[in-house]
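Q: Here you go, one structure.
The values are calculated or read from the model by the stated rules, or taken from the named source; none is laboratory data. Please read these numbers as outputs of a predicted model, since none were measured by experiment. When we count neighbours, we look across all protein chains shown, and the Cβ atoms used for this are built from the backbone with ideal geometry, even at glycine.
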């Protein structure tokens, strides 16, 4: 089979595995970009950067830190979203088809990169990459497409850079700069591709005889430094980045917090990249120690196995892995600025897929040939084959299927609870929904409501998203006190998404919102335990609709009378 047919096969496989995304519609995270695309709130967002100022939209929780901002520089990806909206409006199928084209382009460009490997090894690596579950979010969520666009353009820049450096192809320099610049304009994911270019210059560059090696190396590194430096300077000067969020690390913030965050997130990504242990389990804090331990053990283990089997590695493959491996490891660092999940592995897996392919091919040959006839070696090789097949073929398909099911279930869940709300269509702009407790913050639920009617997000107000029972006491015509029983506010993962633990609230702190003023009354060592709400209008106003989450549903409740207390039991969220 020719290499072109191998690449075409991999592209078809990758698109078919992702094809069910056509029925996902707008996932909850996509609902953060629709208000900007449709200019629901003209004062919010930037027309040519829909990934900026998400948290200026109405409906976000009262405990969000005042300095919280999430503003990414992605004008090219934003322009493509505007094009989609112009062509398809609210028909999400067109957006998803567009994303599938970029996914096919990513696999095809990786095919050009893997053509530098021996035919069999490159083909297996490309198929492994097509199966990888990291594409589920990156191309299945419309808001995640920016990463694929950035990777495709920056990879084209990388290929042009390599041809310029290896063959002296003069158009390669301007084309590489154009590719890197285009990738960076699509998203910060392109920085991870730049890591591969630096790795090639450091570990694979061979100076021409008769000239100064340092000068030749500087010739290749200098354009990379200039394009990366110009981008980072612009990014910093314009104030882009994530500020005041638990989900993202701020590269320009406190150095100790940054390094400590990377120290635990990078191993979790390594465990996912090397062993296939799902990175998205990071959301469950109980799994984090295991992820970190597996990541710390996986890297030296894989390095030892690669060294042990180095005799089975063709010289041409060894030359490519010499820079692909360090490039992938370096790419993990910018990927770890966001909390670990599969989408963070989009770029690192480009360099690690050939390593996995080498392990799988060598283990298969060892097992098939009996590994010199020794039973224990044959068993070990067979176990490694099964592990690699499960981690790189069975598990990715299972995770994708699970992701599609959960995402669709989440959409149905939003639809179900939206139908429970006692909204009067004639007064949608006047009614104020007040959720006393919720099974999580339900991020983007207000925008989901807006998607199915006139904007009402400003009316969504959450008093508590803590996974604990609570008591709500009426202290006056306009005032309530909320007390958490056997727990505290702002300690769950969803609450910390908007206010990380380092930004602790203290007794006496006051937070002003459009509907009420919040005062922290008592705290424990983890967070607030009692808070007061002073509403800007009487609590008995008929436009204030108080809701409570009870046994898998929102129920409208009457606020307690002055001096009385309402006790609410917490019930967990089920998306099924």
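For every residue, the table says whether it meets (1) buried (at least 24 other Cβ atoms within 10 Å of the Cβ); (2) under 17 Å from the mean Cα position of the chain (by Cα); (3) in a helix (DSSP H, G or I); (4) in contact (Cβ under 8 Å) with a residue 24 or more places away in the chain.
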site: 126; (1), (2), (3), (4): yes, no, yes, yes
site: 147; (1), (2), (3), (4): yes, yes, yes, yes
site: 153; (1), (2), (3), (4): yes, no, yes, yes
site: 157; (1), (2), (3), (4): yes, no, yes, yes
site: 161; (1), (2), (3), (4): yes, no, yes, yes
site: 191; (1), (2), (3), (4): yes, yes, yes, yes
site: 194; (1), (2), (3), (4): yes, no, yes, yes
site: 202; (1), (2), (3), (4): no, no, yes, yes
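Q: Here is a follow-up. Any residue that is modelled with pLDDT under 95, outside any loop (DSSP other than H, G, I, E, B), touching a helix residue (DSSP H, G or I) at 6+ places or on another chain (Cβ under 7 Å) and in the same structural domain as residue 321 (by TED's automatic domain parsing) - is there at least one of those in the range 209-217? Full working, then the answer.
A: Of the residues in the range 209-217, the ones modelled with pLDDT under 95 are 209-217.
Next, from what is left, pick out any that are outside any loop (DSSP other than H, G, I, E, B): 213-217.
Of the ones still in play, those that are also touching a helix residue (DSSP H, G or I) at 6+ places or on another chain (Cβ under 7 Å) are 217.
Cutting the leftovers down to in the same structural domain as residue 321 (by TED's automatic domain parsing) gives us 217.
Yes, some residue in the range 209-217 is modelled with pLDDT under 95, outside any loop (DSSP other than H, G, I, E, B), touching a helix residue (DSSP H, G or I) at 6+ places or on another chain (Cβ under 7 Å) and in the same structural domain as residue 321 (by TED's automatic domain parsing).
Q: A further question on this structure: With the structure loaded, tell me whether residue 119 is modelled with pLDDT under 95 and closer than 20 Å to residue 202 by Cα or whether it fails that test.
A: The answer is no for residue 119.
Q: In this structure, does residue 454 turn out to be modelled with pLDDT under 80, in contact with a strand residue (DSSP E or B) (Cβ under 6 Å, 6 or more places away or on another chain), outside the structural domain of residue 349 (by TED's automatic domain parsing) and outside any strand (DSSP E or B)?
A: No, not satisfied.
Q: Please go through the range 420-447 and pick out each residue that is part of a helix (DSSP H, G or I) and either touching a strand residue (DSSP E or B) at 6+ places or on another chain (Cβ under 6 Å) or modelled with pLDDT of 75 or more (or both).
A: 420, 445, 446
Q: What residue, among those in the range 74-106 that are more than 26 Å from residue 411 (Cα to Cα) and surrounded by 23 or more Cβ atoms within 10 Å (Cβ to Cβ), is modelled with the lowest pLDDT?
A: Residue satisfying both the conditions and the ranking: 74.
Q: Within the range 326-339, does at least one residue satisfy the condition of being surrounded by fewer than 17 Cβ atoms within 10 Å (Cβ to Cβ) and touching a residue at least 12 places away in the same chain (Cβ under 8 Å)? So that I can check it myself, show each step before the final result.
A: So in the range 326-339, the residues surrounded by fewer than 17 Cβ atoms within 10 Å (Cβ to Cβ) come out as 338.
Next, only the ones that are touching a residue at least 12 places away in the same chain (Cβ under 8 Å) stay: 338.
Yes, some residue in the range 326-339 is surrounded by fewer than 17 Cβ atoms within 10 Å (Cβ to Cβ) and touching a residue at least 12 places away in the same chain (Cβ under 8 Å).
Q: Restricting attention to the range 108-117, does a residue exist that is closer than 22 Å to residue 19 by Cβ, assigned to a helix (DSSP H, G or I) and within 22 Å of the chain's Cα centre (by Cα)?
A: Looking for residues that are closer than 22 Å to residue 19 by Cβ, assigned to a helix (DSSP H, G or I) and within 22 Å of the chain's Cα centre (by Cα), one finds at least one in the range 108-117, hence yes.
Q: Applying the selection to the range 52-73, what residues are modelled with pLDDT of 75 or more and assigned to a loop (DSSP other than H, G, I, E, B)? If you could, list the steps in order and put the result at the bottom.
A: Quick first cut of the range 52-73, residues modelled with pLDDT of 75 or more only: 60-65, 68-73.
Passing the criteria: 60, 61, 62, 63, 64, 65, 68, 72, 73.
Q: Look through the range 260-297, keep the residues that are surrounded by 14 or more Cβ atoms within 10 Å (Cβ to Cβ) and free of Cβ contacts under 8 Å to residues at least 24 places away in the same chain, and return whichever of them is nearest to residue 357 (Cα to Cα).
A: Here the answer is 277.
Q: Within the range 303-325, restricting attention to residues that are crowded, with 17+ Cβ neighbours inside 10 Å and within 24 Å of residue 191 (Cβ to Cβ), which residue is farthest from the chain's Cα centre (by Cα)?
A: Selected residue: 320.
Q: Which residue, of 182, 172, is out of contact with any strand residue (DSSP E or B) (no Cβ under 6 Å at 6 or more places or on another chain) and farther than 30 Å from residue 71 by Cα?
A: Only one candidate passes the filter, namely 172.
Table: residues versus (1) surrounded by fewer than 24 Cβ atoms within 10 Å (Cβ to Cβ); (2) at pLDDT 85 or above.
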position: 345; (1), (2): no, yes
position: 348; (1), (2): no, yes
position: 360; (1), (2): yes, yes
position: 375; (1), (2): yes, no
position: 379; (1), (2): yes, no
position: 384; (1), (2): yes, no
position: 391; (1), (2): yes, no
position: 394; (1), (2): yes, no
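Q: A further question follows. Can you confirm whether the range 304-317 contains a residue that is in contact with a strand residue (DSSP E or B) (Cβ under 9 Å, 6 or more places away or on another chain) and at pLDDT 90 or above?
A: No, that holds for no residue.
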